[in-house]
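Working notes, beginning with the structure itself.
The values are calculated or read from the model by the stated rules, or taken from the named source; none is laboratory data. Here the structure is a predicted model, which means the values were calculated and not measured. So basically every Cβ, Gly included, is an ideal-geometry build from the backbone, and we count neighbours across all protein chains shown. Please note that ligands, DNA and RNA were not included when accessible areas were found on the heavy atoms of the full protein model with its side chains. Shrake-Rupley method; radii C 1.70, N 1.55, O 1.52, S 1.80 Å.
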Amino acid sequence: MTDRRFIYHAVAFLVVAVWGSTFISTKLLLLGGLSAAQIFTIRFAIAYILLLLFSLWRGIRWFANGWRHELLMAMLGLTGGTLYFLTENNAMNYTTTTNTSLIVSLSPLVATALISLFYKSQRLSRLQTVGSFIAAAGVAVVVMNGHFVLHLSPRGDALAFGAALCWGLYSLLMIPAGKHYDTLFVTRKVFFYGLLFMVPYFLLRPGLGLDVVADNPTLLLHLLFLGCIASMLCFVAWNWVLKRLGAVVTTNYVYFNPVTTIVFAWLVLHEQITIYFLLGTLLILVGMYLADRR
């Protein structure tokens, strides 16, 4: 059991590490001429097609057990897909990257609060609560990097908090979904409804930007990475770990997101590692250790 639990934690960390690296591909795609909505739609479409083909080969199940469970799948796609990515990406149009990163990275606190309201069995002990707040403090130290000044922007900050709330709701809804359905089925539904809820957006702003990709094949490699690895494999792995470790413990790994982002920025963009990064990372590690204790 100890070995299995280590594997679950390792998978959760690897998923967050991959998600932390996606900012490089996303940034290059944005500079290449694609919008945030186009990037999200294309990466989810790639992931959905691959999962659909695998499901057809394995033996597909199209619908959940009744309209209530199908509605649950739709809400997972809306919160963990469409609304999360749109609010997070659009927040940076109205507020600073620091504000957005800080608020979104605190989504485990939102998830913990929501889950505690509905599931007594997953409420944190005092030690775990202290650990969560220590990890959150570490995120603040890493993101702010010694510049302890926040430029308030109600619209942008509200969008960033909306993204954190969406991820918290997604974590909450995954608990009943994981009890009734296997990981592949749930993940495929998340991609399907995430794409379906983007239809109204493209009715107002048509165009997937495929002509931009055709003119620059390098962009296709980044889209394939986002679709095949960061979306398909990582969402399947994340939902699998959610069932094994529980929503609260798994969601706490989101605290590592800014850490992995800065590490990849150091490796690829040669950005400087500061003492604040090391201190914040240490706080996150201590907080995560305490948050996983009973």
- Query: Out of the residues in segment 93-111 that are at pLDDT below 75 and open to solvent by 30 Å² or more (accessible area, probe 1.4 Å), which is nearest to the chain's Cα centre (by Cα)?
  - Reply: Ser101
- Message: As an exercise: evaluate Leu150 against (1) open to solvent by 30 Å² or more (accessible area, probe 1.4 Å); (2) at pLDDT below 70; (3) assigned to a helix (DSSP H, G or I) and give the number of the one condition it does not meet.
- Response: (3)
- Message: Being under 20 Å from Tyr170 (Cβ atoms) and open to solvent by less than 90 Å² (accessible area, probe 1.4 Å) is the filter here; which residues of segment 57-70 pass it?
- Response: Ala64, His69, Glu70
- (1) open to solvent by 10 Å² or more (accessible area, probe 1.4 Å); (2) assigned to a helix (DSSP H, G or I): which one isn't true of Ser231, the others all being true? (1)
- Message: For segment 183-205: of the residues being in a loop (DSSP other than H, G, I, E, B) and closer than 29 Å to Phe63 by Cα, which is most open to solvent (accessible area, probe 1.4 Å)?
- Response: Phe197
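Based on what the data block shows, is Ile49 open to solvent by 70 Å² or more (accessible area, probe 1.4 Å), under 26 Å from Gly227 (Cβ atoms), of a type outside the set (Ser, Thr, Tyr) and free of Cβ contacts under 8 Å to residues at least 24 places away in the same chain?
Details: open to solvent by 70 Å² or more (accessible area, probe 1.4 Å): yes; under 26 Å from Gly227 (Cβ atoms): yes; of a type outside the set (Ser, Thr, Tyr): yes; free of Cβ contacts under 8 Å to residues at least 24 places away in the same chain: yes.
In short, yes.
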- Item | Residue among Ile24, Ile39 that alone is β-branched (Val, Ile, Thr) and within 26 Å of Thr183 (Cα to Cα) | Ile39
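Hey, could you check segment 71-89 for residues that are open to solvent by 60 Å² or more (accessible area, probe 1.4 Å) and closer than 30 Å to Ser153 by Cα and say which is modelled with the highest pLDDT? Don't jump to the end; show me each part of the working.
Taking segment 71-89 as the starting set, the residues that turn out to be open to solvent by 60 Å² or more (accessible area, probe 1.4 Å) are 71, 75, 83.
Subsequent filtering for residues that are closer than 30 Å to Ser153 by Cα retains 75, 83.
Working: Met75: 96, Leu83: 92.
Per the criteria, the residue is Met75.
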- Is it true that some residue in segment 207-218 is out of contact with any Leu (no Cβ under 8 Å at 6 or more places or on another chain), among the charged types (D, E, K, R) and under 20 Å from Gly33 (Cα atoms)? yes
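Please tell me if Val186 is at pLDDT below 85, touching a helix residue (DSSP H, G or I) at 6+ places or on another chain (Cβ under 8 Å) and not polar (S, T, N, Q).
Details: at pLDDT below 85: no; touching a helix residue (DSSP H, G or I) at 6+ places or on another chain (Cβ under 8 Å): yes; not polar (S, T, N, Q): yes.
Taking the combined requirement at face value, the residue does not satisfy it.
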